[in-house]
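Quick notes on the structure that follows.
FYI, it's all coordinate maths here, none of it is from the lab. Please read all numbers here as calculations on a predicted model, not as lab measurements. No Cβ is skipped: glycine too gets one built from the backbone with ideal geometry, and neighbour counts run over all protein chains shown.
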Amino acid sequence: MSAGRRSCGPCGARARGFTLIEIILATMLLALGLAIAFSSMHSANASVQRAELAAGRNEHLRAVQGLLYRTLQSAQPLVLSRDEENQQITYLDGAHDKMQFVAPMPGYLSRGGPYAVTLQLVPGGTAGTRKLQFAFAMLVNEKPLEADTRIPPEDLLDGIADAHFEYRGLGQDAKIGDWQTEWNRPAELPLEVRLILRFADPNQPWPAFSTALPLGFAHARAESADTPGVAPLAAPGGGQ
């Protein structure tokens, strides 16, 4: 009898297994490890998404500025509108929140020929914000084609807290003048145009944007060269 008991002792110890407390502790440690792993994966995914969002936003800003550069630098001294009563012609109509001028469009956007281009700041989708819209219509006999004017404008930028256009041209002393929020010489092209803009999101930058209008500058050079006693005009960018 005593021998049988001695032989069953080790068997009983081997069959003992884990206690309930040990199982609970192991489960808790496993759950904690899984929670840490999922949290790390979520943080990594969020970081990747933020980086992709920032990269996409920056790429969009570069595309918008590229479009503005190409379009404005192609502005032409062609008649945008005409006041028959006063015989006043308009090449560029520039206000603080809207600009209209004539320029060719890229081949993938147009049918060729000059187009009336409109850049305008309008109320945005969120209260207190604005957006920048771009529209163009083929110019026929100094008038935008009616079918094109019915096409809705494209939204270039949204979520803008504050923005305005500025222009500058040749002053009375045949030197480049100060920046103005209105262009009061519609029968001339300005020398330079810029867009001052600030987004509602402080983390979204707007790289400084300004560009010279080559044909406007060429016209100013010709005028200064033809004016007796006036020195030839220096190139834009030589001073503020």
Inset, instruction - Would you mind checking which residues have amide H under 5 Å from ALA200's amide H? H placed 1.01 Å from N; only 5 or more apart, or other chain. - result: ILE160, ALA161
Inset, instruction - For the stretch 133-146, just list the computed ³J(HN,Hα) in residue order, Karplus coefficients 6.51, -1.76 and 1.60, θ = phi - 60°, integers in Hz, with x standing in for Gly and Pro. - result: 10, 10, 9, 8, 9, 4, 9, 10, 6, 6, 9, x, 4, 4
Legend entry - Distance (nanometres) between label positions extended 7 Å along Cα→Cβ at ARG70 and ALA147: 2.4 nm
Inset, instruction - Can you bin the stretch 54-226 into rounded, prolate or oblate? Criterion: square roots of the alpha carbon gyration tensor eigenvalues sorted a ≥ b ≥ c, rounded for a/c under 1.5, prolate for a/b above b/c, oblate for the rest. - result: oblate
Legend entry - HN-Hα J in Hz across the stretch 18-34 - Karplus 6.51, -1.76, 1.60, θ = phi - 60°, x for Gly and Pro: 8, 7, 4, 5, 4, 5, 5, 4, 5, 5, 5, 5, 5, 4, 5, x, 5
Inset, instruction - Would you please name the trypsin sites (Lys or Arg not before Pro) within the stretch 122-164 that are DSSP coil residues with at most 12 other C-beta atoms within 10 Å of their C-beta? - result: ARG150
Legend entry - Order of ARG70, ARG111 under a 10 Å beta carbon neighbour criterion, fewest first: ARG111, ARG70
Inset, instruction - Return VAL102, VAL140, VAL79 ranked ascending by Cβ neighbour count within 10 Å, so the fewest neighbours appear first. - result: VAL140, VAL79, VAL102
Legend entry - Fully extended contour minus Cα-Cα distance, from ALA161 to THR181, at 0.36 nm per residue: 5.4 nm
Inset, instruction - Only Cα pairs under 8 Å and at least 6 apart count here; give the relative contact order of the stretch 54-226 as a rounded whole percent. - result: 20 percent
Inset, instruction - Classify the stretch 99-178 as rounded, prolate or oblate, taking a ≥ b ≥ c as the square roots of the eigenvalues of its Cα gyration tensor: rounded when a/c is under 1.5, otherwise prolate if a/b is larger than b/c and oblate if not. - result: oblate
